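Student: Handing you this structure, nothing more for now.
What follows is calculated from the coordinates using simple rules that are stated; it is not laboratory data. In this text the structure is predicted, and so the values were computed from the model without any measurement. All Cβ positions, glycine included, derive from the backbone under ideal geometry; neighbour counts span all protein chains shown.
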Amino acid sequence: MTMQFHTSSAEETRNLGKLLGEVLSAGDIVLLFGDLGAGKTTLVQGIAAGLGVSQDEYVRSPTFTLVNQYQGRVPVHHIDLYRIESASDMASIGLEDELDGGGAVLVEWAEKLFHKETGAITADYNLDQRIEIRLNILGDDTRSINITAVNLDKTHHGVFSLQ
Ligand code: ADP
Ligand code: MG
């Protein structure tokens, strides 16, 4: 099931992220897809705020560290796969530990988790239940943001309240 949104500013994207963050809990996995500048990090800033991460914490792409961790209502693991090239690189992130750690996991450049030709998930981790977000650049300040709940229980997960 996909919910479609349009935003006209970074602020609007942060606000949408905040609404989403408010309904996330431990164990939730959010995969973000979209080109450079699409607004993945901007959305993550809002999601982190909604998860209760203090506004004092500077939420930015963990491009060099691969994983940033923030303390919100639950631990928040912010991963950026941009620089990931191989399966062994992927293993070095310890995504498995992040997922077992009971936090919420937010992954930028989630394209890298999927096999280019087959579309199969390349991670060994259990990503069956997840939220996929596709961001597209429509214009300088406009973005389409599509949120898809994959294998989540409609009666139990708050993400469906966003529609
Ligand atoms: P990504 O992480 O996908 O590379 P960023 O969030 O870092 O993207 O950057 C998005 C850029 O686009 C920022 O400079 C932001 O201010 C700008 N921007 C303009 N309009 C929007 C919008 N509607 N939503 C998100 N970002 C926007
Ligand atoms: Mg980014």
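Student: Would you mind working out the magnitude of the charge dipole of the chain relative to its Cα centre, with +1 at each Lys and Arg C-beta and -1 at each Asp and Glu C-beta, to the nearest 20 Debye?
Tutor: Working: 12 positive and 23 negative charges, 72 e Å.
In debye, rounded to 20, the chain gives about 340.
Student: Further question on the same structure: Treat each spin label as a single point 7 Å out from the Cα along the C-beta direction, and report the ASP153 to HIS115 distance in nm.
Tutor: It works out to 3.1 nm between the two label points.
Student: Once the dipole of the range 1-158 is set up with Lys and Arg at +1 and Asp and Glu at -1 on Cβ about the Cα centre, which of HIS6, HIS78, ILE147 lies farthest towards its positive end?
Tutor: Among HIS6, HIS78, ILE147, the one farthest towards the positive end of the dipole of the range 1-158 is HIS6.
Student: Using the Cα centre of the range 35-163 as origin and beta-carbon charges of +1 (Lys, Arg) and -1 (Asp, Glu), tell me which of ILE47, LEU106, SER61 is placed farthest towards the positive end of the dipole.
Tutor: ILE47
Student: How long is the gain from THR142 to ASP100 if the chain were fully straight, where each residue apart is worth 0.36 nm and the alpha carbon distance is subtracted? Kindly include the intermediate steps, with their values, before the conclusion.
Tutor: Details: separation 42, 0.36 × 42 = 15.12 nm, distance 3.61 nm.
Stretched out fully, the THR142 to ASP100 stretch lengthens by 11.5 nm.
Student: What number does the range 2-162 give for Rg over Rh if you use C-alpha atoms and the Kirkwood radius? Don't jump to the answer; show the numbers that get you there.
Tutor: Numbers: Rg = 14.6 Å, Rh = 15.7 Å.
Checking Rg against Rh, the ratio lands at 0.93.
Student: How high is the relative contact order of the chain, given as a whole-number percent (alpha carbon pairs under 8 Å, six or more residues apart)? Mind showing how you got there, number by number?
Tutor: Numbers: 316 pairs, mean separation 53.3, N = 163.
Taking the mean separation of contacting Cα pairs over the length of the chain, I get 33 percent.
Student: Something else: Which percentage, to the nearest 5, of the DSSP beta bridges contained in the range 2-162 is antiparallel? The partial results should precede the final answer.
Tutor: On the way: 20 of 33 bridges.
Antiparallel bridges: around 60 percent, rounded to the nearest 5.
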